[in-house]
C-alpha cells in the first residue's frame, strides 16, 4: 500500500472506548458479572427482556462513571436520562440496548497525553452509561453462530473523544492513558484481550490546511493496543490510496483482521436516527446531588499524572523511572509501601525497576501476584545499603527469595553471603596479600595507584568474598602507604 501522498494529507482520528465496569452485578439486574462462567448461566428474565420485567439501576454504575468523569475533568450533569437504542442483533435478545443519548452524565472533559517530542490535550466529548450486549461465537461450530448471554447487561461506560488525534501514535497513547486511569480508579481491569476494554476508531483524511472534515470510516474488532495503532495506520494509507487514484472514501464500518493486517467491510454506517432512540420509560432520571458528588470526589485516588510529578519533584526520580513506576497503580503502591519502611527512593526504585519488573515480565504476573513482600524486599535493600552484601550476592538472594518466605538476612546467612566488616578478620588477610606481592607493592608506591584494584581482588579472593570491599580499600590504602 502506497504512502507517497502522506505529506499532502492529514488524518483526523476519534476514539470510542467502552470500559466494562468491575461491579459485582449487572447494570439493571441482580446477576453476577464474574468473567469465565459457563455460557448462559448468568442470565435472568430481565436480561432477556421478558414481558413484565423492570430494570433497577445499579448504584455503582453511577458512582464509577462519575469517578471517570472527575478524573478526566468532565462536567457532571445534575440530571441525565437513559434512552433505548433499538437495533436487532442475535446477542441482544431484548431488541434494544439501554444507553444514554442526548443527555450524557459526563461531558466536555479532556485527557492529556505525552509523546516523545510533545504533549497534547485530547478532548472528551462525553462519557455515558449503557449495558453490554451478549457475545456471538463464530469459531466453535462450522455451520452455526453460538450466543452466550452472560455478558448481556454488564455495566459499560463509553468514552467518546473529540476528533483531536492526528496520528496512530497519538491514538495509542490516548488509549493507554484511559487504561491507566480506569485501573487507578479500580473501575475496570483494562484487559482488551478479555473484552473489558474495547475500542472503535473513526478515521478520515483531509488535505493539510483544510478545516472541513473528510468522510470517515469506523474501525472495529481491535483486540490490543498495537492492533489499534496498526489498524488506524492501515486505514489512513488505504484512504489516501483511494483519493490519490481518483476515488471517494465511502462511509462504512470496517473490521480489522489482525492475521492479514488489513481491514474488511462489515456494513455501511448507521446514523443515530437509525437506532430510533427514545427515552427509557422504565427508568427515572439520574440525579446527581452535591452530597453524592462530594462523596465520590473524596474517594478519588491520586491520579497517575499527579503521582508522576510528585515522584519526580519530591522523590528526585528521573522522568523515565517515574513513568515506569506509576504506569500501574499497584506497582506505585508497592514502591511507596517500601518507602514508608526505608526512605531511600532511588535504591528502592532501582531494584523494583530491574529485578522486580524482570520477574513480572518473565512470569507474566502482576505485582499483586509477586511473591516477595514489601518487608522482605526492604530487608534485602537494607543489607546492600549497610554493606552487608555486595551487588552479586544481592541478586543471588533476591532470586532465592522468589521460592521461599525467609528473610533476606536469613538467606544471606544460609548462603554464606554476608560480608564481614570486622577489622580483626580483614587485616590479617591484607597483611598476607601485601607480603605475598612485594613487586606490586613497590610499583604502587612508585606511583601506579591503580594497582589498588589488584590488591582488593586478592583480598576478596582469599576472604572468599566475605570481606567488605569498602573497608578493604580503606585499610589497604593505609597499609600500602605505610609499607
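The values are calculated or read from the model by the stated rules, or taken from the named source; none is laboratory data. Everything numeric in this text was worked out from a predicted model, so none of it was measured. Note that we place each Cβ from the backbone using ideal geometry, even for glycine, and neighbour counts take in every protein chain shown.
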(Q) Exactly one condition in (1) under 17 Å from residue 385 (Cα atoms); (2) at pLDDT 80 or above is false for residue 440; which is it? (A) (1)
(Q) What's the number of the only condition in (1) in a helix (DSSP H, G or I); (2) crowded, with 18+ Cβ neighbours inside 10 Å that residue 198 fails to meet? (A) (1)
Q: Please specify each residue of the range 136-155 satisfying the condition of being at pLDDT below 90 and outside any loop (DSSP other than H, G, I, E, B).
A: 136, 137
**Q.** Residue check for residue 63: within 23 Å of residue 276 (Cβ to Cβ) and either in a helix (DSSP H, G or I) or in contact with a strand residue (DSSP E or B) (Cβ under 7 Å, 6 or more places away or on another chain) (or both)
**A.** no
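Considering only the range 74-100, state which residues are assigned to a loop (DSSP other than H, G, I, E, B) and either on the phi > 0 side of the Ramachandran plot or modelled with pLDDT of 95 or more (or both). Lay out the reasoning, then the answer.
Residues of the range 74-100 that are assigned to a loop (DSSP other than H, G, I, E, B), as a first pass: 74, 77-78, 81-82, 87-95, 100.
Those that are assigned to a loop (DSSP other than H, G, I, E, B) and either on the phi > 0 side of the Ramachandran plot or modelled with pLDDT of 95 or more (or both): 74, 77, 78, 81, 82, 95, 100.
Assess whether residue 33 counts as being touching a strand residue (DSSP E or B) at 6+ places or on another chain (Cβ under 7 Å), surrounded by 13 or more Cβ atoms within 10 Å (Cβ to Cβ), modelled with pLDDT under 95 and within 24 Å of residue 178 (Cα to Cα). It would help to see each step written out before you state the result.
Working: touching a strand residue (DSSP E or B) at 6+ places or on another chain (Cβ under 7 Å): yes; surrounded by 13 or more Cβ atoms within 10 Å (Cβ to Cβ): yes; modelled with pLDDT under 95: yes; within 24 Å of residue 178 (Cα to Cα): yes.
Spelling it out, residue 33 is indeed touching a strand residue (DSSP E or B) at 6+ places or on another chain (Cβ under 7 Å), surrounded by 13 or more Cβ atoms within 10 Å (Cβ to Cβ), modelled with pLDDT under 95 and within 24 Å of residue 178 (Cα to Cα).
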Q. Has the range 297-315 got at least one residue that is over 27 Å from the mean Cα position of the chain (by Cα), closer than 30 Å to residue 75 by Cβ and outside any helix (DSSP H, G or I)?
A. no
Q) Quick check: is even one residue across the range 272-286 over 30 Å from residue 65 (Cβ atoms) and in contact with a helix residue (DSSP H, G or I) (Cβ under 9 Å, 6 or more places away or on another chain)? A) no
Q: Restrict the check to the range 288-303 and report whether at least one residue is under 22 Å from residue 114 (Cα atoms) and surrounded by 16 or more Cβ atoms within 10 Å (Cβ to Cβ).
A: yes
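Confirm whether residue 428 is under 25 Å from residue 399 (Cα atoms) and either surrounded by fewer than 14 Cβ atoms within 10 Å (Cβ to Cβ) or not assigned by TED's automatic domain parsing to the domain that holds residue 384 (or both).
Details: under 25 Å from residue 399 (Cα atoms): no; either surrounded by fewer than 14 Cβ atoms within 10 Å (Cβ to Cβ) or not assigned by TED's automatic domain parsing to the domain that holds residue 384 (or both): yes.
The answer is no for residue 428.
So which residues in the range 361-370 are in a helix (DSSP H, G or I) and either in contact (Cβ under 8 Å) with a residue 12 or more places away in the chain or touching a strand residue (DSSP E or B) at 6+ places or on another chain (Cβ under 6 Å) (or both)?
Selection gives 367, 368.
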Q. Name the pairs: first residue in the range 192-212 and not assigned by TED's automatic domain parsing to the domain that holds residue 170, second residue crowded, with 18+ Cβ neighbours inside 10 Å and outside any strand (DSSP E or B), Cβ to Cβ under 6 Å, at least 6 apart or on different chains?
A. none
Q. If only one of 19, 11 is crowded, with 20+ Cβ neighbours inside 10 Å and more than 25 Å from the chain's Cα centre (by Cα), which one is it?
A. 11
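Any residue that is under 25 Å from residue 24 (Cβ atoms) and without any contact (Cβ under 8 Å) to a residue 40 or more places away in the chain - is there at least one of those in the range 102-122? Can you show your working first?
Looking only at the range 102-122, we keep the residues that are under 25 Å from residue 24 (Cβ atoms), and these are 104-106.
After this cut, where a residue has to be without any contact (Cβ under 8 Å) to a residue 40 or more places away in the chain as well, the list is 104.
Within the range 102-122 (the criterion being under 25 Å from residue 24 (Cβ atoms) and without any contact (Cβ under 8 Å) to a residue 40 or more places away in the chain), the answer is yes, since at least one residue qualifies.
Please pick out the residue among 187, 205 that is at pLDDT 95 or above, more than 22 Å from the chain's Cα centre (by Cα) and surrounded by 23 or more Cβ atoms within 10 Å (Cβ to Cβ).
On the way: 187 fails: more than 22 Å from the chain's Cα centre (by Cα).
Being at pLDDT 95 or above, more than 22 Å from the chain's Cα centre (by Cα) and surrounded by 23 or more Cβ atoms within 10 Å (Cβ to Cβ) holds for just one of 187, 205, which is 205.
Yes/no matrix, rows are residues, columns are (1) in a helix (DSSP H, G or I); (2) over 30 Å from residue 95 (Cα atoms); (3) out of contact with any helix residue (DSSP H, G or I) (no Cβ under 7 Å at 6 or more places or on another chain):
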site: 320; (1), (2), (3): yes, yes, yes
site: 335; (1), (2), (3): yes, yes, no
site: 340; (1), (2), (3): yes, yes, yes
site: 348; (1), (2), (3): yes, yes, no
site: 352; (1), (2), (3): yes, yes, no
site: 355; (1), (2), (3): yes, yes, no
site: 372; (1), (2), (3): no, yes, no
site: 380; (1), (2), (3): yes, yes, no
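Okay, residues lined up against (1) at positive phi; (2) in contact (Cβ under 8 Å) with a residue 40 or more places away in the chain; (3) assigned to a loop (DSSP other than H, G, I, E, B); (4) outside the structural domain of residue 193 (by TED's automatic domain parsing):
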{"position": "22", "(1), (2), (3), (4)": "no, yes, yes, no"}
{"position": "46", "(1), (2), (3), (4)": "no, yes, yes, no"}
{"position": "49", "(1), (2), (3), (4)": "yes, yes, yes, no"}
{"position": "56", "(1), (2), (3), (4)": "no, no, yes, no"}
{"position": "67", "(1), (2), (3), (4)": "no, yes, no, no"}
{"position": "70", "(1), (2), (3), (4)": "no, yes, no, no"}
